[in-house]
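Undergrad: Sharing a structure with you now.
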Amino acid sequence: MHIASLFPPPVIRTERVLLRQIEFKDLNALYEIFSDERVMEYWSSVPYTSIEQADQLISHIQTGYEEESFLQLGIEHIESKRLVGTATLHAIQQQCSRAELGYALHPAFWGQGLMHEALTALIRYAFDQANLLRIEADIEPNNTASAKALVRLGFEKEGYFPSRWVVNGVVSDSEMYGLVNANFKL
């Protein structure tokens, strides 16, 4: 079974967020998110130190859209009309009908349930529209907030990988979570 195309990138509206394509108008918002040490604490790269890095990210995202290789959507807070995060399906495996999930949210919006709302909508789209069978998420074990968020979405912890990442010379472990289409209940 092959997955249906995730492209062109969808626009997904929920009660409080709009998942949409990331554009160059989002440059400053992306820099603000990815330069924040709190956001990047458990990320697989260091915080951005220049606006050019955010510009390169947008170019990379645009290429992903064009090549249909990964889907990174902006999370726009509807009330403020502000881009507050990203939600991503990457490492898409056509033959196996699976992808990996990634996400980031500006700290000013933590604890409000916005990421849960955004990820629920993206996962529903991935399972219902693109026919994915499985979605995986790789997190740093100390990232307990992310682990709780994944479990709340129905993901199950499936594995532990010691010394999986090296970021800025620091070695860290990884936990793998998985969600199967048939088990998604939200």
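Undergrad: If I go through the stretch 76-112 residue by residue, how many of them are part of a strand (DSSP E or B), charged (D, E, K, R) and within 16 Å of Arg16 (Cβ to Cβ)? Quick ask: steps written out before the conclusion?
TA: Step one: list which residues in the stretch 76-112 are part of a strand (DSSP E or B), which gives 76-77, 82-93, 98-105.
This time we only want the ones that are charged (D, E, K, R), so: 76, 82, 98, 100.
Those left that are additionally within 16 Å of Arg16 (Cβ to Cβ): 76, 82.
So the answer is 2.
Undergrad: Would you confirm whether any residue within the stretch 156-174 is crowded, with 17+ Cβ neighbours inside 10 Å, among the β-branched types (Val, Ile, Thr) and not in a helix (DSSP H, G or I)?
TA: Checking the stretch 156-174: not a single residue is crowded, with 17+ Cβ neighbours inside 10 Å, among the β-branched types (Val, Ile, Thr) and not in a helix (DSSP H, G or I).
Undergrad: Six or more apart or on different chains, Cβ atoms under 9 Å: show the pairs whose first residue is in the stretch 53-73 and under 12 Å from Glu23 (Cα atoms) and modelled with pLDDT of 95 or more and whose second is exposed (fewer than 14 other Cβ atoms within 10 Å of the Cβ) and of a type in the set (A, V, I, L, M).
TA: As it stands, the answer is Leu73/Val11, since those pairs meet every condition given.
Undergrad: Which pairs do you get when a residue that is at positive phi, found in the stretch 93-122, comes within reach of a residue that is crowded, with 21+ Cβ neighbours inside 10 Å and of a type outside the set (Val, Ile, Thr), reach meaning Cβ atoms under 6 angstrom, with the pair 6+ apart or on two chains?
TA: Taking only residues 6 or more apart or on different chains, the pairs are Ser97/Leu132.
Undergrad: Take the conditions at pLDDT 95 or above, touching a Pro at 6+ places or on another chain (Cβ under 8 Å) and aliphatic (A, V, I, L, M) and apply them to Leu83. Does it pass?
TA: Criteria not met by Leu83.
The values are calculated or read from the model by the stated rules, or taken from the named source; none is laboratory data. Computed from a prediction, not measured in an experiment: that's the story for all the values here. A quick note on method: Cβ atoms are made from the backbone with ideal geometry, for glycine too, and the neighbour counts reach across all protein chains shown.
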